[in-house]
1. Take the range 173-207 and flag every residue that is buried (at least 16 other Cβ atoms within 10 Å of the Cβ) and free of Cβ contacts under 8 Å to residues at least 40 places away in the same chain.
2. Would you mind telling me which numbered condition in (1) in a helix (DSSP H, G or I); (2) within 18 Å of THR225 (Cα to Cα); (3) not aliphatic (A, V, I, L, M) SER127 fails?
3. Take LEU123 and tell me if it is under 10 Å from the mean Cα position of the chain (by Cα), closer than 21 Å to PHE70 by Cα and not hydroxyl-bearing (Ser, Thr, Tyr).
4. Just the residues that are over 17 Å from the mean Cα position of the chain (by Cα), of a type in the set (Gly, Ala, Ser) and over 23 Å from ILE202 (Cα atoms), please, taken from the range 60-111.
5. Only one residue in GLY76, GLY85 is at pLDDT 95 or above, in the same structural domain as GLY37 (by TED's automatic domain parsing) and touching a Gly at 6+ places or on another chain (Cβ under 7 Å). Which one?
6. Give just the number: which of (1) buried (at least 17 other Cβ atoms within 10 Å of the Cβ); (2) touching a residue at least 24 places away in the same chain (Cβ under 8 Å) does GLY74 not satisfy?
7. Looking at (1) of a type outside the set (Phe, Trp, Tyr); (2) surrounded by 15 or more Cβ atoms within 10 Å (Cβ to Cβ); (3) at negative phi; (4) touching a residue at least 40 places away in the same chain (Cβ under 8 Å), which one does HIS27 not meet, given that it meets all the others?
Amino acid sequence: MPDQENIAPTSYHNLKQGGKRAYHAIHQERANEQNPGIMFLAGHGSDMQGSKAIALENMADRQNIPFLRFDYFGHGSSDGRFLDGNLSRWLEDCTAMLDALTKGPQILVGSSLGGWLMVLTALQRKSRIAGMIGIAAAPDFTETLIWDALTPTQQEQMKTKGQIALPNPYADEDVIYPYHLIEDGQRHLLLKNEIDLDIPVILHQGMQDGEVPWQTAIQLAGKLTSKDVQIILDKHAGHRYSEAAQIDTLIASVIAMHQKISSGLASYR
């Protein structure tokens, strides 16, 4: 994997409903049916400066592929208070950035929370989304991985206090989850029903992931109506999926899907 660097400067998109979102975009003028764009969706509490996002931008630049990465409300360089964010607001960000800053077919690449948002975005913009690639995709995580993991006492405490602090695997400070995130997440649950998307999908998942069980990828694949779904399990990868070999595997998947769609071998309408 080559050295990673920021290709595009940080720009800001002013939303119609107010607020601005930071983003990096390259080669958008080259987008067409034979050159679908790539849109990266980061994880919860992460931002567009992560190693996977930058590595994909570097690849896209080398191959003249349109590419977009951005920061959700309350993340990175975008405005907003992190604890005020929820699925509805972040989904609005995804569709707003897709509509305003890209054209033509798009491949969504979603990491963790971004994997949930990529499916929700694809359902809302079926005519625009040509494929999806998940990295430890975490649909329904507010319900299955946070709320259901709490004891009844903790659940009552979260309701009463409006939030709960849980251990952070990556830092000494606890992670704070607001109760409104749980409530809003319940309006966007995916895994209880069939997911009507007939596009190619690749799901990357580490089997040493301590946050999103690898079985989640199996469950998500089973709910998708698409017959073109691949699961790539890495026995040694954790949740971040950011080791050099793992990023190389991810890039290979993105290139392969881009070639499939640009050659007309995959239909997305």
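The values are calculated or read from the model by the stated rules, or taken from the named source; none is laboratory data. If you're wondering where the values come from, they're calculated on a predicted model, not measured in any experiment. Because the Cβ atoms are built from the backbone with ideal geometry, glycine has one as well, and the counts that use them run over all protein chains shown.
1. The answer is TYR177, TYR179.
2. It is condition (1) that SER127 fails.
3. On the way: under 10 Å from the mean Cα position of the chain (by Cα): no; closer than 21 Å to PHE70 by Cα: yes; not hydroxyl-bearing (Ser, Thr, Tyr): yes.
Against the criterion (under 10 Å from the mean Cα position of the chain (by Cα), closer than 21 Å to PHE70 by Cα and not hydroxyl-bearing (Ser, Thr, Tyr)), LEU123 does not qualify.
4. Residues satisfying the conditions are SER77, GLY80, ALA100.
5. Numbers: GLY76 fails: touching a Gly at 6+ places or on another chain (Cβ under 7 Å).
None of the others qualify; the one that does is GLY85.
6. So GLY74 meets the others, but not (2).
7. (3)
Residue-by-condition table, conditions (1) among the charged types (D, E, K, R); (2) farther than 18 Å from VAL109 by Cα; (3) in the same structural domain as GLN155 (by TED's automatic domain parsing):
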site: ILE199; (1), (2), (3): no, no, no
site: GLY206; (1), (2), (3): no, no, no
site: ASP209; (1), (2), (3): yes, yes, no
site: GLN215; (1), (2), (3): no, yes, no
site: HIS236; (1), (2), (3): no, yes, no
site: ALA244; (1), (2), (3): no, no, no
